[in-house]
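Throughout, read-outs are computed from the coordinates displayed, never taken from laboratory work. Computed from a prediction, not measured in an experiment: that's the story for all the values here. Cβ placement follows ideal geometry from the backbone for every residue including glycine, while neighbour counts extend to all protein chains displayed.
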Amino acid sequence: MIEAHALSKRYGERVAVSDLSFTVRPGAVTGFLGPNGAGKSTTMRMILGLDAPTSGQVTVNGRRYADHPAPLHEVGAMLEARAIHTGRSARNHLLALAATTGIPRRRVDEVIDTVGLQDAARTRVGRFSLGMGQRLGIATALLGDPATLVLDEPVNGLDPEGVLWIRTLLKDLAAEGRTVLLSSHLMSEMALTAEHLIIIGRGRLIADTSVSEFVRATPGGSVRVRCDDAVALTALLAGPDVDVAALGGGVLEVTGLTSERIGRIAAQHAIALSELTPQQASLEQAFMELTRDDVEFRPPARDLDPAPVPTSEGQPA
């Protein structure tokens with residue numbers, strides 16, 4: 001279990017994390033989300049004792065990370081998968097870690113098999129692809145057979161088979177009763193992997209909830225409608241805050257009205273409906289809605305005016 005209590009971190013005048021409290025419980029994959037600059041990396045570094053909090057504290061299984069006599073047996077982490085000596089082979093990298101932490105050599109072969117690096121185990125890390133580097137980073141996190149895992153962007157660079165593999169692995173580890181904290185910007189993958197979410201913005205907690213509750217509580221879902229007279233129904237549903245998209249075959253996607261309201265309008269005008277299905281907002285939509293006021297970095301507004309066309313003298317026309 002990971003427990004953060006009133007955790008804060010300042011770098012000079014800049015506040016990276018402010019009065020942040022949360023608990024990551026065993027038995028479920030917990031997603032750790034936030035816009036760029038939200039304080040996710042700083043928080044994970046404080047969990048692992050790499051940064052000292054300005055105030056507050058964070059413990060793993062009841063102790064600060066530095067107070068564990070054998071930290072790799074308690075917490076497995078991957079914050080930067082490629083932070084490995086490029087001249088070493090994958091196996092030698094893991095053997096060196098095992099030798100310094102009392103981990104038997106057989107465990108090295110076990111994690112190499114787990115992450116699928118058998119054929120590349122004796123290859124120098126400098127020759128690894130991004131995906132192979134990610135697999136080695138995950139092997140490093142698993143080496144001590146820890147009760148707690150902290151992983152930052154573990155699916156980066158993985159092919160579809162690799163993404164499915166890491167998703168299944170993390171769910172299986174959580175099902176064994178381990179604590180799994182997962183940070184990622186891939187909302188579609190987070191929706192398939194995580195059961196619980198901790199979301200921060202500008203260093204503060206803005207949500208601590210299950211994935212299903214978070215998405216269900218977010219407005220902005222649409223309603224899928226199928227009828228015999230889509231043109232007439234479109235005209236009847238039109239309004240200033242209503243968007244109706246024709247998908248073909250008599251199917252409409254309606255945003256801005258509930259399914260109950262659409263059904264009443266159709267019934268009042270004797271338009272038969274063969275489908276009326278609410279479409280829940282996606283995790284990505286819910287996340288964007290929640291964090292829109294907490295985004296630190298925004299792209300500049302695009303100028304929609306066409307660029308001036310140069311004349312033969314090189315001046316704009």
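Quick one: 3J(HN,Hα) in Hz for segment 175-183, Karplus 6.51/-1.76/1.60 with θ = phi - 60°, rounded, Gly and Pro as x.
Result, ordered by residue: 5, 6, x, 8, 9, 10, 10, 10, 9 Hz.
Work out the charge dipole of the chain with +1 on the Cβ of Lys and Arg and -1 on the Cβ of Asp and Glu about the Cα centre, then indicate which of GLY87, ILE166, THR258 is farthest towards its positive end.
Projecting each Cα onto the dipole axis, the largest value belongs to GLY87.
Mind checking the full-extension length gain between ASN156 and SER274? Use 0.36 nm per residue of separation minus the Cα-Cα distance, one decimal, nm.
Computed gain between ASN156 and SER274 is 38.2 nm.
In whole Hz, with x marking every Gly and Pro, tabulate ³J(HN,Hα) for segment 152-169 from phi via Karplus 6.51 cos²θ - 1.76 cosθ + 1.60, θ = phi - 60°.
Going residue by residue, I get 10, 6, x, 8, 4, x, 7, 6, x, 5, x, 5, 4, 4, 5, 4, 5, 4 Hz, with x marking Gly and Pro.
Which one, ALA52, ALA267, PHE22, projects farthest toward the positive side of the charge dipole computed for the chain from Cβ point charges (K/R +1, D/E -1)?
ALA52
Could you calculate the FRET efficiency of ARG216 with ARG124 from 1/(1 + (r/R0)^6), where r is the beta carbon distance between them and R0 is 41 Å, rounded to 0.05?
0.25
Within 10 Å, count the other beta carbons around each residue, average over each peptide in 74-83, 35-44, 153-162, and list them highest first.
Result, highest mean Cβ count within 10 Å first: 35-44, 74-83, 153-162.
Report the extension gain between SER188 and SER282 in nm, rounded to one decimal, defined as 0.36 nm multiplied by the number of residues separating them, less their alpha carbon distance.
Length gained between SER188 and SER282: 33.0 nm.
For the chain, I need the span (max minus min coordinate) of the C-alpha atoms along each principal axis, in Å, sorted largest to smallest.
That gives 76, 65, 46 Å along the principal axes, largest extent first.
What is the packing order of peptides 204-212, 246-254, taking the mean over residues of other C-beta atoms within 10 Å and listing the highest first?
Per-residue Cβ counts within 10 Å, averaged per peptide and sorted highest first, yield 204-212, 246-254.
So, in Å, what gap is there between the alpha-carbon centers of segment 177-203 and segment 74-105?
The distance from the Cα centre of segment 177-203 to that of segment 74-105 comes to 25 Å.
Give the distance, in whole Å, between the Cα centre of segment 213-274 and the Cα centre of segment 1-69.
Here the two parts' Cα centres lie 44 Å apart.
Under unit Cβ charges (Lys, Arg +1; Asp, Glu -1), what dipole magnitude, rounded to 20 debye, does segment 222-279 have relative to its Cα centre?
The calculation lands at about 100 debye.
Please order TYR65, TYR11 by the number of other Cβ within 10 Å, starting at the fewest.
By the 10 Å Cβ count, ascending: TYR11, TYR65.
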